[in-house]
Amino acid sequence: MTEIIRSEIKKGYKRRKIRAVSVNIIIFLLTAGLCTIMLLYGKNNYDLNTVIRVISGEEIQGASFTIGILRLPRMLCGLLAGIAFGIAGNSFQTMLRNPLASPDIIGISSGSSVAAVFCILVLKMSGSYVSIAAVTSGILVAVLIYILSKGSGFSGSRLILIGIGIQAMINALISYLLAKASQHDVPTALRWLSGSLSGMTMEEVPTLFIVVVIVWDLVSRGRYPYQSFLKSMNKVDFDAIGEALEMMGIAELSNRCVDELSGGQRQRVWIAMALAQQTDILLLDEPTTYLDIAYQVEILDLLTELNRKKGTTIVMILHDINLSARYADYIFALRAGKLIPFIVPKGRNLTID
């Protein structure tokens, strides 16, 4: 049975890997093609040989200015800006496990935009001051969204819904500022909102490149414990995944899309993902939230079995005192922000030491 599961996991992994590689190759070719077209064509068209000669440093009358001073900086800045947008979207979507969790959807980009528009239209500011204000405002809006979504416990879905609401409110404020502003200042604000590469120079490319590389490296470090350069999954990885799936009773779902699964099945998948790391300690934050009571009992039964068979230490947060008393060996409770000394279920009756 384990061999069958491992075989299915390998097949699914290979299919996904081939699809991912294919998509990345297509995106790379399209990007390279668009960048090349941007350098070749415009008011004045040049052949590929001329473009290569200019990039290599050769001085060609007319072409050196058009390609080296105008087109090349704009192309490089546009490419780096696109990579930065991709990193931002991927980071948020990965952390919150939701395709809607993108800065331009949950209000963070709008938070930066409203500060920029206010600085341009009301304070008559320009240049780096506007950029600093926009970044600061975006961070503050992100913190606000997080605080509002925290409530009694953090929820990614709640954060997205609150973010969408805040974005609508901020967009309304931006529209109001644009409607009340002088017609002379509005084009500058609109150009900032939509973005423009017309003023880019080669002096700005290294700074943007360094920022993008630093952010990329920082985000990629989250995968360092599990990956090494040019190394794909091996037999040990497949065995660990197969064992986790089998332990959670979801081996038959190994090649299903998560969006197609029920709430209980999804919780099993998330727990299996943690189990596949084969750690001695498992930390779970409200693993039974939003589940029917039958699913809650089912999940906690599986975790209890894991603890008994594997000796895995499981630390979890639960808000249901009845489930806590039924399953936990040790309970710590919080009341008014303070830790109640120590509660141990003895014979499943709570006693306070």
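Spin-label model, GLN183/THR36: points 7 Å from Cα along the beta carbon direction are separated by 4.6 nm. With protein chains left intact and a 1.4 Å probe, residues in the range 1-150 average 61 Å² of accessible area per residue. Using a probe of 1.4 Å, the accessible surface attributed to SER7 totals some 50 Å² when neighbouring protein chains are kept in position. In the complete set of protein chains, residue-level accessible area for GLU203 is approximately 140 Å², probe 1.4 angstrom.
The distance between label points at ALA168 and SER196 comes to 3.2 nm (points 7 Å beyond Cα on the Cα→Cβ vector).
The trypsin sites (Lys or Arg not before Pro) found in the range 48-129 that occupy coil by DSSP, while having at most 14 further C-beta atoms within 10 Å, are ARG97, LYS124. Spin-label pair SER7-PHE28: with each label point 7 Å from Cα along the Cα-Cβ axis, the two points sit 3.3 nm from one another.
Rolling a 1.4 Å probe across all protein chains gives ASP320 an accessible area of roughly 50 Å². If you add up the charges near GLY68, with Lys and Arg at +1 and Asp and Glu at -1, over every other residue whose beta carbon is less than 15 angstrom from its beta carbon, what do you get? That sum, taken over residues with Cβ under 15 Å, equals -1.
Can you figure out the FRET efficiency of LYS309 with ALA336, using R₀ = 35 Å and their beta-carbon distance, to the nearest 0.05? Calculated value: 0.40.
Rg over Rh for the range 239-305 works out to 0.93, using Cα positions for both radii and the Kirkwood form for Rh.
The values are calculated or read from the model by the stated rules, or taken from the named source; none is laboratory data. Remember, predicted model here, so these are calculated numbers, not experimental data. Methodologically, a virtual Cβ is constructed for each residue, glycine included, from the backbone with ideal geometry; neighbour enumeration extends over all protein chains shown. Ligands, DNA and RNA are stripped out before the accessible areas are found, and what is left, the full protein with its side chains, is counted by its heavy atoms. Shrake-Rupley method; radii C 1.70, N 1.55, O 1.52, S 1.80 Å.
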